[in-house]
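Encoded as C-alpha cells, the structure appears first; notes follow it.
Please treat every number below as a calculation from the coordinates, not as lab data. Here the structure is a predicted model, which means the values were calculated and not measured. Reconstructed Cβ throughout: ideal geometry from the backbone, glycine too, with neighbour counts over all protein chains shown.
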Amino acid sequence: MQADLPETMLAVRIREPGGPEVLEPVRVPVPRPGPGEVLIRVAAAGVNRPDVLQRRGGYPPPPGASELPGLEVAGVVVETGEGASRFRPGDAVCALLAGGGYAEYAVAPEPQVLPVPRGLSMIEAAAVPETFFTVWTNVFERGRLQAGESFLVHGGSSGIGTTAIQLARAFGARVFTTVGNEEKKRFCEELGAERAILYRSEDFVAVVKELTGGRGVDVVLDMVGGDYVSRNLEALALEGRLVQIAWLKGSKVSADFARLMVKRLWWTGSTLRPRSVEEKGRIARAVEEQVWPLLESGRVRPVIHRTFRLEEAAEAHRVMEASVHIGKLVLVTDFGRSMAEGGAGASVRARWRRWCRRCRRHGAGRACACSDRRRWWRRGLAGAARQSGRLRRPRRPARER
Ligand SMILES: NC(=O)c1ccc[n+]([C@@H]2O[C@H](COP(=O)([O-])OP(=O)(O)OC[C@H]3O[C@@H](n4cnc5c(N)ncnc54)[C@H](OP(=O)(O)O)[C@@H]3O)[C@@H](O)[C@H]2O)c1
C-alpha cells in the first residue's frame, strides 16, 4: 500500500569509524518497503552496545542491510510492501532491524515486526526487540534455562542484564548477577536478582558457590569473556551451560578446559544480527507467545535509563561508553515526541492508543493500569522515566497518607 511520504528524512549516519562525534545528523531519502517488508514512521529507536561497535568500525552491517546504525525501533506502520499482510498503515509496532533505526523512517521485514505490547509506551517498546530477542534465544533456547535452576548473568545493569534478570525470574529461576557499583547492585536486587555481586571487590565464583551450597549455577550468560571464561567454567554446576554473547574483555582466552569434560558442560554462543529473516521471525514468534503476555501484564518491563533526541545520538553513545546507565538508552524523533504529548502524531489512524490523561503512559481506550504503574514505581523502575520528564510521581491515595 503506497503512502504520501516526504522525499527525505532526518537520519544519523556514521561519517567514518571513530568516537561518538562521527555520528552525524543528515538528510537522506526515505526508504521504501520491498516485498514482504513494512515501512515504519519511527517514534523511538533503542541504542545498543553493538551500535557502538559498529560506530568504531568493528561490527559492519550484514550484506543488504542499511548502513545507518540502529537495530530496533517502535513507531507506526505507514506503508506495506507486496505480500506483507499482517500489519496495516496505522498499526503501532516495534521491530528488530539489521540496521537503519537511527532515522525518522525505517524498513523492516514483516516477520521481525511485532505489535507494541499493550500498556507500553513507544519509548519502552523501542527498547524491547534487540535485548528481549537476544535474551530469549540465548538464555532459554541455547542455555535451556528451566524453572528451579540457577542463573548468573554478567553486567546485570545493562540493557541485556536488566532484561535477563526479569525474564529468568519470571520463568522461575534463581538469579545472580555481577555489577560495577553499589547503585547498580541495589537496582538489580530490586529488579529480581537474589544477589548482585560487586565484580570489582568480590569474587563471583566464590559468591555463587556459597549461595548454591557449593554446587554452582546451571546457566551463565556472559558478555565479558577474557579471564571470565575460565571463572565461568568454575562457577558452573555439573551439566551447566555457558552462553557467550560478547567479548568486552577479549575473545583470545586461556582457560583450563578440562572442566568442560569433567563437569560435562556445554559452551555455546550466538549473534542475532547476521541471522536470516526466517530465523529472526521464528524468534519473534516465540517471544510474542512467551514474553508479550509478561510485558502486557507488567510482570516484566524494559528499564529506560534516559531518552535523547534523534540528533543527540552522539551524546547517547557517550553515556553508553561511560557505563553510567542502568537499562536502556532511547532516541526519540519529533514524531515520537508529538505522540507522547498527544499532539498531531497521536491521531495517526489511531490503532495506536492515546495515553491515559492521568498517568500519561497507558492506553486510555481500555482500563488504565495506573495501579500497575504504582507497583512498578515502588520497585524503582519508573525512576528513569521520571528523569526524562515523562512521568510524575503518582499521588498516594488518601488512605495511605
Ligand atoms: N550476541 C548478540 O546477539 C548480542 C546482542 C545484543 C547485545 N550483545 C552484547 O551484549 C552486551 C550488552 O549489551 P547492552 O546493549 O545491554 O550494553 P550495555 O548496556 O552497555 O552493557 C555493557 C555491560 O557490560 C558490563 N561490564 C563491563 N565489564 C564488566 C565486567 N568486568 N564484569 C561484569 N560486567 C561488566 C557493564 O557493567 P558495569 O557498568 O557495571 O561495569 C555493562 O552493564 C554487549 O557487549 C553487546 O555487544 C550481544
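Give the peptides 319-327, 22-30, 162-170 in descending order of average Cβ contacts within 10 Å, highest first.
So the order, starting with the most tightly packed, is 162-170, 319-327, 22-30.
Do the alpha carbons of any pairs in Lys280/Lys328; Lys252/Lys280; Lys209/Lys280; Lys184/Lys249 sit beyond 26 Å of each other, and which pairs?
Beyond 26 Å between Cα atoms: Lys252/Lys280; Lys209/Lys280.
Work out the length of the dipole vector of segment 90-230 about its Cα centre, built from +1 on the beta-carbon of each Lys and Arg and -1 on the beta-carbon of each Asp and Glu, and round it to the nearest 20 debye.
320
At a threshold of 8 angstrom on Cα-Cα distance, excluding pairs fewer than six apart, so keeping six or more, what relative contact order does segment 131-269 reach in percent?
Once normalised by length, the contact order is 21 percent.
Mind checking which of Tyr228, Leu238, Leu248 is farthest towards the positive end of segment 131-269's charge dipole, using Cβ charges of +1 (Lys, Arg) and -1 (Asp, Glu) about the Cα centre?
Of Tyr228, Leu238, Leu248, it is Leu238.
Sort 193-200, 151-158 by the packing proxy (mean of other Cβ within 10 Å over each peptide's residues), most packed first.
151-158, 193-200
Could I have the simple spin-label model distance between Glu67 and Arg118, label points 7 Å from Cα toward Cβ, reported in nm to one decimal?
4.4
Students often get this wrong: which residues of segment 300-320 have the backbone nitrogen under 17 Å from the point 7 angstrom along Cα-to-C-beta of Arg27?
Those under the cut-off are 311.
Sequence-distant or interchain residues sharing an amide H contact under 5 Å with Ala173, placed H: which?
Long-range HN contacts for Ala173: Gly148.
In what sequence, highest mean first, do 266-274, 243-251 appear when ranked by Cβ atoms within 10 angstrom?
Ranked from most to least packed, the peptides come out as 243-251, 266-274.
Mean separation of Cα pairs under 8 Å and 6+ residues apart, divided by the residue count of segment 14-121: what relative contact order is that in percent?
After rounding, I find 31 percent.
Distance between the C-alpha centers of segment 53-81 and segment 124-189? Whole Å please.
Answer, in whole Å: 24.
Calculate the spin-label point distance for Gln290 paired with Glu7, positioning each point 7 Å from the Cα along the beta-carbon direction, and give it in nanometres.
Each label point lies 7 Å from its Cα, and together they span 4.8 nm.
So if each residue of separation counts as 0.36 nm, and I subtract the Cα-Cα distance between Arg318 and Arg15, what length gain in nm does that give?
107.4 nm
Once you place label points 7 Å from the Cα toward the Cβ at Asp203 and Thr271, how far apart are they in nm?
So the label points at Asp203 and Thr271 sit 3.5 nm apart.
State, in angstrom, two size descriptors of segment 131-269 derived from its alpha carbons: Rg to one decimal place and Dmax to the nearest whole number.
Rg, Dmax (Cα atoms, Å): 13.3, 38.
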